[in-house]
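Since the structure comes first, as structure tokens, the remarks are kept for the end.
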Amino acid sequence: MWIGYGEDAHRLEPGRKLMLGGVEIASDRGAVAHSDGDALLHAIADAVLSAVGAGDIGEVFPDTDPRWAGLAGEELLERVLELAGAHPLRCERPRCGRVRQVRAVVTLDRPKLAPHREAMRRRIAELCGLEPADVSVAFKTSEGLAPDHVQARALVVLEEA
Amino acid sequence: MWIGYGEDAHRLEPGRKLMLGGVEIASDRGAVAHSDGDALLHAIADAVLSAVGAGDIGEVFPDTDPRWAGLAGEELLERVLELAGAHPLRCERPRCGRVRQVRAVVTLDRPKLAPHREAMRRRIAELCGLEPADVSVAFKTSEGLAPDHVQARALVVLEEA
Amino acid sequence: MWIGYGEDAHRLEPGRKLMLGGVEIASDRGAVAHSDGDALLHAIADAVLSAVGAGDIGEVFPDTDPRWAGLAGEELLERVLELAGAHPLRCERPRCGRVRQVRAVVTLDRPKLAPHREAMRRRIAELCGLEPADVSVAFKTSEGLAPDHVQARALVVLEEA
Ligand SMILES: [Mg+2]
Ligand SMILES: [Mg+2]
Ligand SMILES: [Mg+2]
């Protein structure tokens with residue numbers, strides 16, 4: 001069993017899309033990012049890389065590379081799962097793993113995210129080859145500490161396939 | 001084995017009580033909250049919910065519900081343990097678990113919390129049905145990042161009972 | 001299997017050394033600290049103490065004790081591993097453990113840390129008696145949330161030796 005831990009944060013600005021867990025959230029502000037700024041999928045992707053000792057998404061998808069401009073969080077996570085030998089459908093590495101548990105916390109002051117929890121869990125579960133019951137996503141407000149940011153932290157458990 | 005992760009933060013204001021780990025801390029400021037604002041027990045409760053994929057305490061105890069006004073962190077954690085099928089004494093769910101490890105970090109600039117560590121560990125252990133040796137609580141100052149807040153992060157390990 | 005979690009943060013100031021993971025980083029600012037301010041090794045040390053229920057480094061190395069002035073992060077982590085019965089070479093406790101996985105995230109706006117990742121992993125692995133492959137270190141920028149700080153969070157997995 002390997003544990004992985006990842007974090008992400010993006011500044012919010014008017015006129016941008018807000019993606020979280022692969023779900024578009026109706027919001028007057030969205031994430032400033034070279035990619036689509038999906039802090040939740042980015043934190044999970046970093047947790048997967050962390051579990052297999054493979055660096056971080058900043059190294060895999062440098063924001064100076066035009067190939068990754070606007071990169072969707074879902075594609076980013078899929079690529080990371082392949083790279084980590086933990087993709088539910090494709091593994092060409094000698095040692096393949098499977099994601100077994102995803103635990104995440106998203107911090108955002110507004111809008112309320114609870115109505116989107118099940119859609120996020122379903123999407124993350126699908127990407128990782130899990131049941132939604134194996135994916136937890138909690139929501140917090142920043143209590144004044146980060147009113148202009150979205151933040152995410154994630155923990156994953158991987159097992160040998 | 002299921003892992004869970006939770007976070008909490010509360011703003012501090014003069015004239016309020018400061019509760020942490022079920023222990024009242026003598027302080028000129030306390031947590032602004034609808035409940036008793038016990039950031040440590042709230043983070044642990046969210047970690048327990050996270051371990052079993054059951055949402056978060058914001059959903060279970062909405063701060064718009066007058067029933068939860070002033071809710072003690074100890075009662076909140078007990079209710080969460082029951083809900084998660086991880087209460088040390090009562091389990092009416094088909095699949096019951098037990099908390100085996102609690103690891104937490106509390107960030108607060110003042111007062112010093114170290115003198116209260118053993119009382120917090122004992123109280124958390126009692127609530128979760130553990131030995132104090134299975135509960136770790138570390139203390140940090142914010143180094144200027146959050147002088148007017150108390151923050152907590154917690155990780156729990158659950159096992160099938 | 002015991003899990004441990006630790007955090008650290010230091011304010012940055014011109015004219016100080018910046019140590020991370022036992023590696024000196026060329027930087028116009030370094031960590032304000034009583035010790036050498038190595039936030040990464042401090043977070044890992046706190047995670048090790050957390051895994052065995054042994055308090056935190058603030059208690060073990062109080063910043064009021066002149067013995068610990070300028071204490072190197074490497075010496076601090078070695079002392080903590082001994083204290084926790086998890087030193088790879090020396091264990092005089094009845095119950096000895098071994099660190100099996102180290103997962104860390106360092107948040108710093110500049111300079112870029114990626115060129116130092118392998119050196120940090122090698123040094124941490126050596127101290128803990130691991131292969132570098134068992135040590136993950138990810139890097140993030142603060143996105144404006146903490147431009148004058150270095151922060152680290154770490155998770156460790158210990159097993160009975
Ligand atoms: Mg990101
Ligand atoms: Mg709270
Ligand atoms: Mg430190």
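The values are calculated or read from the model by the stated rules, or taken from the named source; none is laboratory data. Quantities reported herein were computed from a predicted structural model and do not represent experimental measurements. FYI the Cβ positions are ideal-geometry reconstructions off the backbone, even for glycines, and counts take in every protein chain you see. These area figures cover heavy atoms from the full protein model, side chains too; ligands, DNA and RNA do not enter into them. Shrake-Rupley method; radii C 1.70, N 1.55, O 1.52, S 1.80 Å.
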Quick note, the protein assembly as shown: a/c under 1.5 would make it rounded; otherwise a/b > b/c is prolate and the rest oblate (a ≥ b ≥ c, C-alpha gyration tensor); here it is rounded
Proximal lysine pairs, the protein assembly as shown, alpha carbons under 28 Å, eight or more residues apart or interchain:
21
Check the cysteines of chain C one by one and keep only those with no other cysteine Cβ under 4.7 Å from their own.
C:Cys128
Would you rank C:Arg79, B:Arg29 by solvent-accessible area, highest first, keeping every protein chain in place and using a 1.4 Å probe?
C:Arg79, B:Arg29
Connecting C-alpha atoms closer than 10 Å in a GNM of chain B, tell me which of B:Val106, B:Val23, B:Val150 has the biggest fluctuation.
B:Val23
Between the chain alone and the structure with every protein chain in place, find the residues of the stretch B:128-145 that drop at least 40 Å² of accessible area; heavy atoms, 1.4 Å probe.
B:Ser136, B:Lys140, B:Glu143, B:Leu145
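Enter the buried accessible area of the A/B pair, total of both sides, probe 1.4 Å, in Å² rounded to the nearest 100.
1800 Å²
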Result for chain B: accessible area per residue, probe 1.4 angstrom, in square angstrom, of 40 Å²
Using a 1.4 angstrom probe with every protein chain in place, what is the largest-first accessible-area order of B:Cys96, A:Cys128?
B:Cys96, A:Cys128
Average partner chain C-beta neighbours within 10 Å, per residue of B:43-53?
4
For the protein assembly as shown, with all protein chains present and a 1.4 Å probe, just round the carbon and sulfur fraction of the accessible area to a whole percent.
48 percent
Can you send over the solvent-accessible area of A:Trp2, 1.4 Å probe, protein chains only, in Å² to the nearest 10?
50 Å²
Hey, in the GNM for chain A with a 10 angstrom Cα cutoff, which one of A:Ser27, A:Ser35, A:Ser50 fluctuates hardest?
A:Ser27
Can you give the accessible area of B:Arg123 in Å² (nearest 10), computed on protein heavy atoms with a 1.4 Å probe?
60 Å²
Using alpha carbons only, how many angstrom separate the centre of the stretch C:21-48 from the centre of the stretch B:43-103?
36 Å
Prolate/oblate/rounded call for chain A, Cα gyration tensor, a/c under 1.5 rounded
prolate
List the relative contact order of the stretch A:2-160 as a percent without decimals, with contacts defined as Cα pairs under 8 Å and 6+ residues apart.
32 percent
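With only Lys, Arg, Asp and Glu charged, each at its Cβ (+1 for the first two, -1 for the last two), find how big the charge dipole of chain C is about the Cα centre; round to the nearest 20 debye.
Roughly 360 debye for chain C.
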Using a Gaussian network model of chain A with C-alpha springs under 10 Å, which one of A:Arg122, A:Arg95, A:Arg16 is most mobile by mean-square fluctuation?
A:Arg95
